[in-house]
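In what follows, a single structure is set out as structure tokens and then discussed.
Read-outs: derived from the displayed coordinates by stated rules, not from any lab. These numbers come from a predicted model, not from an experiment. No Cβ is skipped: glycine too gets one built from the backbone with ideal geometry, and neighbour counts run over all protein chains shown.
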Amino acid sequence: MQPTTFLKRVLLLDAASCLGMGALLAAGAGALAPLFGLDRALLSGAGIALIPVGLFMLWTGTRAVPPRPAVYLIVAGNLLWVLESLLVLRGAEAATGLGTAFVLVQAAAVAGLAMLEWIGVRRLAPVAARG
């Protein structure tokens, strides 16, 4: 697989997951809050924040060659999301087991996507240097 194709696929997967999770959290915060033991405003706000992020990832992933600065920004944002997720759990005394699992699983998924994006953007460097 070409380095560009790999990175674009990971970015599109990340965009789809952000947009899907954003829609789920924004629309379902009221139903999810008691199940997760997390604040409704936190869930709703996270969902709303994910929509423009997902659109930016979608834009980046649809470029002929994803711009490296944009991908580095996405990786940094994903790592910040993981850190914030862990901090949310640290401060959420009322989080249920389901809520804790939800936050940890999505944080692990985001960390995995950040790692794949990092690998993908690093593979672009030699290709870009030859071009």
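Quick notes on this structure:
- Test result for A31, over 20 Å from the mean Cα position of the chain (by Cα) and hydrophobic (A, V, I, L, M, F, W, C): yes
- Any pair with Cβ under 6 angstrom, 6 or more apart, that starts in segment 81-104 at a residue that is farther than 20 Å from M115 by Cβ and ends at one that is among the small types (G, A, S): A94/G37; A95/G37; T96/G37; G99/G37
- Residue in segment 61-73 that is more than 15 Å from L7 (Cα to Cα) and free of Cβ contacts under 8 Å to residues at least 24 places away in the same chain present: no
- Scanning segment 1-12 for residues that are within 17 Å of N78 (Cα to Cα) and surrounded by 16 or more Cβ atoms within 10 Å (Cβ to Cβ) returns L7, K8, V10, L11.
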